[in-house]
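Report on the structure given below.
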Amino acid sequence: MAIEYLYPQFEVLRNPDRCIACRVCERQCAEEVHHYDHDLKKMVSDESKCVCCHRCVSLCPTRALKITKTNHQFRENANWTGEVIQEVYRQAESGGTLLSSMGNPKDYPIYWDKILINASQVTNPSIDPLREPMEIRTYLGKKPTAIERDENGKIIPNLSPRLRLDVPIMFSAMSYGSISYNAHESLARASRNMGTFYNTGEGGLHEDFYQYGPNTIVQVASGRFGVEKDYLNAGAAVEIKIGQGAKPGIGGHLPGAKVAADISRTRMIPEGTDAISPAPHHDIYSIEDLRQLVYSLKEATAYKKPIIVKISAVHNVAAIASGIARSGADIIAIDGYRGGTGAAPTRIRDNVGIPIELALASVDQRLRDEGIRDNVSIVVGGSIRNSADIVKAIALGADAVYIATAALLSLGCHLCRTCQKGKCNWGIATQRPELVKRLNPDIGSERLENLLTAWSHEIREMMGGMGINSIEALRGNRLMLRGIGLNEKELEILGIKHAGE
Amino acid sequence: MKRVYVNEKWCLGCHLCEYNCAFANSGMTDMVKALKDRDIFPRIRVEEGDSINFAVSCRHCDNPLCVKGCISGALSIQDGVISIDSNKCVGCFTCVLSCPYGCISTSESGAVQKCELCTKNADGTPQCVAGCPNNAIVFEER
Amino acid sequence: MKYVIIGNATAAIGTVEGIRSVDQEGEIVLISSEPHFTYGRPLISYLLLGKTTEDKMHYRPDNFYEANRVTTMLGRTVTRIDKNAKKIVLENGESVSYDKVAICTGSRPFVPPMEGLDSVEDQTSFMTLDDAHRLAGLLGDQKDKDVLIIGAGLIGLKCAEGILHLSKSLTIIDMAPRILPNVLDEYGSSFLQSYLEGLGMKFYLSDSVAKFSTPHHAVCKSGLELDFDVLVVAVGVRPNTQLAEEIGCEVNRGILVNTRSETSVKDVYAAGDCTVSHDIAADTDRILAILPNAYQQGEAAGVNMAGGDKVFDSAFPMNASGFLGLHMITAGSYDGEEYVTKTADSYKKLVVRDNKLVGFILIGDVDRGGIYTSLIRDQVPLDTINFDLIREHPQLMAFAKSERAKKLAQPH
């Protein structure tokens, strides 16, 4: 089209006094924004291609670069914002669905930031985690409701299969395909070293990573890619993915172009074919159907692996969770509407689902009310941003959390939200070998471990401040939370009092 | 002895090692001042291939042909590090002819130059390695 | 164990260092007719050129002899070796006993008979520091002397490079039809010749001095007549083999040694320009009077004298010789299939024979040329590397990944 409706979103600001024309920006930008002009003898840029991933900024040795949002604007309009207008232009041009990635970026309330944590003063002493034992290890799975003893009075150890987490943080599902081999290796190695788990997502398990099986959760999604007996038994747990926070109610689509040899082998589909995950599991139309799949998987894994059912947080999440808790599943994973993705229709990502804080509180309450809370553990994800979010989640009733966006940030992601283009300059959401190699798992795994280590320290400190010395004592302890700036209904759903009460 | 080793698999061909080297050996404290609008003469150089890159610098051989062939005694082994006394070097290039790795090169001064593991500059530890964004070069005992 | 080394240049120093790498205790006596601290012999042209000084020419640090516990007898001349009594006899009849001896006596200038040469007072050869001093004295600092150099080989040309700026005019004459015939091919010779002519040197080739009619006038075979103030005779060199020959060492132009630097006489070793080596590039035995070769032969001699085991079996000709800004490195033999690249200011030739690189010439751009040298030294089969790539320019990329890993990810 002759008319260019879209004005570049970003501007590349290069400080000519600092640029030494080393060309690292040029060499590192897969979007080909920068190049050296031999006639002008200087670096120039084509900012229309910039996605604001900061790779160039981060590698520029003289800090000569920064990226800024353009101040080119439409006439001020609080309703028809520039973004809304540009999306219309884009669709008027393409006739297609808008695609986005990572989590919902819209300005919805963040309940974590409206919840405050308690601390001990005088009447019950706080605990110094540097001096006192502080237990953050936790187990996921069914909890026995009664203790059984044999004729000699010895306890019969008939526990259901469980996952032991040395930190209450797991890496949530990201498939090999949506993220790179090196990103997977980083997650796998960090999980092993930190005593936690990462999750294959629906892309199968690369043969190289079977060695990390004891720290792997293998996923069974609607496309059933890569699912077979060895795969199911390779992991420590099996997760049935019903939905994901970024795109509840719809399936996935990995274009054939991305199904290269390695991915085709891992997904067990022919090279170059589209990998389509249907919106529903075609064998699950009821809780009873779900129960069948749960038990099929238990059967396939000799009742040795806990089964996780992952759903996205939607309107009647509590009732659904109640059904799942009765289906035989050991763990329910709930993914809030801020959860990330490698690619989702923008409208769905930005408008479907509910906040994880509310979903968690209502699920925990419902299961308690029904006396089935111990049937399952609850894991929540969908924008756990820091250790305070984790402490609040656990106090709201979670057993552990799933993180993915924060993990990717540790690996270098700058949340440019263009994963769907497959040209991730940080070597994360790409399959292009020259880009994948940018993520050295030696560095990646160390950064992930650092993040978990740092968060663990902070969790211990916050727990100590409350006078609590174990995750178990914090779990569901909503008295440790207070709301701020929340209305009655919100406080009621969250099951917490307002600050000052 | 610790040497600079190449992990070819992780080299991105970003060439930052070359600039960090040139800066480290410039004697200046500001990279812009040291390198802006200049041709650089790094002691480490990145080779570029279709999808392979790697940086090459002096291997600090135990049995250094450059030292053995040096006509002036300018090249010598100092605590394992192959050092060049640029004062003594006359720029005959016998070392360029001798080095199997192509790691001795010309400098602005006419004497040859080579990696001395940053033992002679203010940093004291190889700056190519310190600045490598992907651990493609490492400084370690092997 | 008592070691005696005759000579004080590269091969001798290599021998000292070879001995000390194995034996820290044995006594080392080093005897040299030159009175100087060991110096880099090829540096004499750079001394005249002003690129080095006499102090900086020292081939090793000033404490070298003490640090290596070497007893030096400098300015003393060995007249013969008594192999039965195992002693070295000096010019004054004094003798030094030895258990093992290394002959590192190098070579001496060869001066062909020329009528009237004796009458030329202002002449010198160009081999030693004393020669350089003498030449500098003859030239003075007025830049008013016409210089005639006989010989357009390496010595003659390096001399020319060193004194061009000190001479009013500089003329070089050689019997051969081209300059540096032992180092370059025809194109290389003419390339270098035009470069040097551009700097003001004058060449008369395929010609020689028939006689010196006066101490400052030469008449050439072609009839050409040349006036000169200073004469440098740089026609060639002859290895100093006499000491070895007298005690029965096999000699064929140079002293014959094996790859352990042993002569045919027990406990007598030899290294450097006085020996014959096996040229692996041309697969022939010849005198390879080049410095890296001398050092490595000396080192092997030293190690083996001290009871170690070291073989130097990768000798081949190689030369690095800059001429006033034009750099040039060459190695090996030029007999084989040629791959040539020429530009206005550079020349490159690779020579391949039997799936191996056997020689090369790089003039102008010599960057990383040592990688080519290594192909000759290691006799790398060219079908195991990417020859097209390495033809473009020397690079490790041309090697297989596993080979690169050996080179770059392992200690050497």
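We did not get these values from a lab; they are worked out from the coordinates using the rules stated. Note that the coordinates shown come from a computational prediction; the quantities given were computed from them, not determined experimentally. Reconstructed Cβ throughout: ideal geometry from the backbone, glycine too, with neighbour counts over all protein chains shown.
Looking at C:91, C:25, C:34, can you tell me which residue is under 23 Å from residue B:78 (Cα atoms) and out of contact with any helix residue (DSSP H, G or I) (no Cβ under 6 Å at 6 or more places or on another chain)? Walk me through it before giving the result.
Details: C:91 fails: under 23 Å from residue B:78 (Cα atoms); C:34 fails: under 23 Å from residue B:78 (Cα atoms).
Result of the check over C:91, C:25, C:34: C:25.
Find the helices (runs of 4 or more DSSP H) located wholly in the stretch C:314-412 whose residues include 3 or more that are within 11 Å of chain B (Cβ to nearest Cβ) and out of contact with any Cys (no Cβ under 9 Å at 6 or more places or on another chain), and list them.
Working: elements: C:370-377, C:387-392, C:401-408.
Filter on the stretch C:314-412 gives C:370-377, C:401-408.
Which members of the stretch B:6-57 meet the condition of being of a type in the set (Ser, Thr, Tyr), buried (at least 21 other Cβ atoms within 10 Å of the Cβ) and either touching a Ser or Thr at 6+ places or on another chain (Cβ under 7 Å) or within 13 Å of chain C (Cβ to nearest Cβ) (or both)? Spell out the reasoning first.
Initially, the stretch B:6-57 is screened for residues of a type in the set (Ser, Thr, Tyr), giving B:19, B:26, B:29, B:51, B:57.
Okay, now just the ones that are also buried (at least 21 other Cβ atoms within 10 Å of the Cβ), so B:19, B:57.
Hit for the stretch B:6-57 is B:57, nothing else.
Could you tell me how many of the residues in the stretch A:46-61 are of a type in the set (Val, Ile, Thr) and surrounded by fewer than 21 Cβ atoms within 10 Å (Cβ to Cβ)? I'd like the intermediate steps shown before the answer.
So in the stretch A:46-61, the residues of a type in the set (Val, Ile, Thr) come out as A:51, A:57.
Narrowing further to those that are surrounded by fewer than 21 Cβ atoms within 10 Å (Cβ to Cβ): A:57.
So the answer is 1.
Do you know which residues across the stretch A:427-448 are farther than 13 Å from residue B:10 by Cα and either among the basic types (Lys, Arg) or within 11 Å of chain B (Cβ to nearest Cβ) (or both)? Outline the logic, then answer.
So the first thing to find is which residues in the stretch A:427-448 are farther than 13 Å from residue B:10 by Cα, and the list is A:428-432, A:445-448.
A:432, A:446, A:447 - these are the residues of the stretch A:427-448 that are farther than 13 Å from residue B:10 by Cα and either among the basic types (Lys, Arg) or within 11 Å of chain B (Cβ to nearest Cβ) (or both).
Please go through the stretch A:80-109 and give me each residue that is touching a helix residue (DSSP H, G or I) at 6+ places or on another chain (Cβ under 9 Å) and not in a loop (DSSP other than H, G, I, E, B), ordered by number.
The answer is A:87, A:99, A:100.
Name the residues in the stretch B:112-142 that are more than 14 Å from chain A (Cβ to nearest Cβ) and surrounded by 18 or more Cβ atoms within 10 Å (Cβ to Cβ), would you? Let's see the steps before the verdict.
Start the filter on the stretch B:112-142 by keeping residues that are more than 14 Å from chain A (Cβ to nearest Cβ), which leaves B:112-126, B:139, B:141-142.
Those that are more than 14 Å from chain A (Cβ to nearest Cβ) and surrounded by 18 or more Cβ atoms within 10 Å (Cβ to Cβ): B:112, B:113, B:114, B:115, B:116, B:117, B:118, B:126.
Check every one of the helices (runs of 4 or more DSSP H) wholly within the stretch A:405-499 and list those with 2 or more residues that are within 30 Å of residue A:259 (Cβ to Cβ). Walk me through how you get there before you give the answer.
Numbers: elements: A:405-410, A:433-436, A:441-465, A:471-474, A:488-494.
Because the criterion is at least 2 residues that are within 30 Å of residue A:259 (Cβ to Cβ), the helices (runs of 4 or more DSSP H) in the stretch A:405-499 that meet it are A:405-410, A:433-436, A:441-465.
A quick yes/no check of all residues on (1) part of a helix (DSSP H, G or I); (2) closer than 22 Å to residue C:335 by Cβ; (3) touching a Gly at 6+ places or on another chain (Cβ under 9 Å); (4) β-branched (Val, Ile, Thr):
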position: C:147; (1), (2), (3), (4): no, no, no, yes
position: C:159; (1), (2), (3), (4): yes, no, yes, no
position: C:165; (1), (2), (3), (4): yes, no, yes, no
position: C:173; (1), (2), (3), (4): no, no, yes, yes
position: C:180; (1), (2), (3), (4): no, yes, yes, no
position: C:190; (1), (2), (3), (4): yes, yes, no, no
position: C:194; (1), (2), (3), (4): yes, no, no, no
position: C:212; (1), (2), (3), (4): no, no, yes, no
position: C:218; (1), (2), (3), (4): no, no, yes, no
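If I filter the stretch A:121-162 down to residues being more than 30 Å from residue A:332 (Cβ to Cβ) and aliphatic (A, V, I, L, M), which single residue comes out as surrounded by the most Cβ atoms within 10 Å (Cβ to Cβ)?
A:127
Given the conditions (1) surrounded by 20 or more Cβ atoms within 10 Å (Cβ to Cβ); (2) in contact with a helix residue (DSSP H, G or I) (Cβ under 6 Å, 6 or more places away or on another chain), which single one is not true for residue C:359?
Every condition holds for residue C:359 apart from (2).
Residues to consider are A:156, A:127, A:117; find the one that is among the aliphatic types (A, V, I, L, M), in contact with a strand residue (DSSP E or B) (Cβ under 8 Å, 6 or more places away or on another chain) and over 30 Å from residue A:340 (Cα atoms). Let's see the steps before the verdict.
Working: A:127 fails: in contact with a strand residue (DSSP E or B) (Cβ under 8 Å, 6 or more places away or on another chain); A:117 fails: over 30 Å from residue A:340 (Cα atoms).
Just one listed residue meets the conditions, A:156.
For residue B:90, are the conditions met, namely being within 13 Å of the chain's Cα centre (by Cα) and within 13 Å of chain C (Cβ to nearest Cβ)?
Numbers: within 13 Å of the chain's Cα centre (by Cα): no; within 13 Å of chain C (Cβ to nearest Cβ): yes.
In short, no.
Filter the stretch C:334-368 down to the residues that are over 25 Å from the mean Cα position of the chain (by Cα) and of a type in the set (D, E, K, R), then identify the one that is nearest to residue C:282 (Cα to Cα).
Looking at the filtered set, the residue picked out is C:353.
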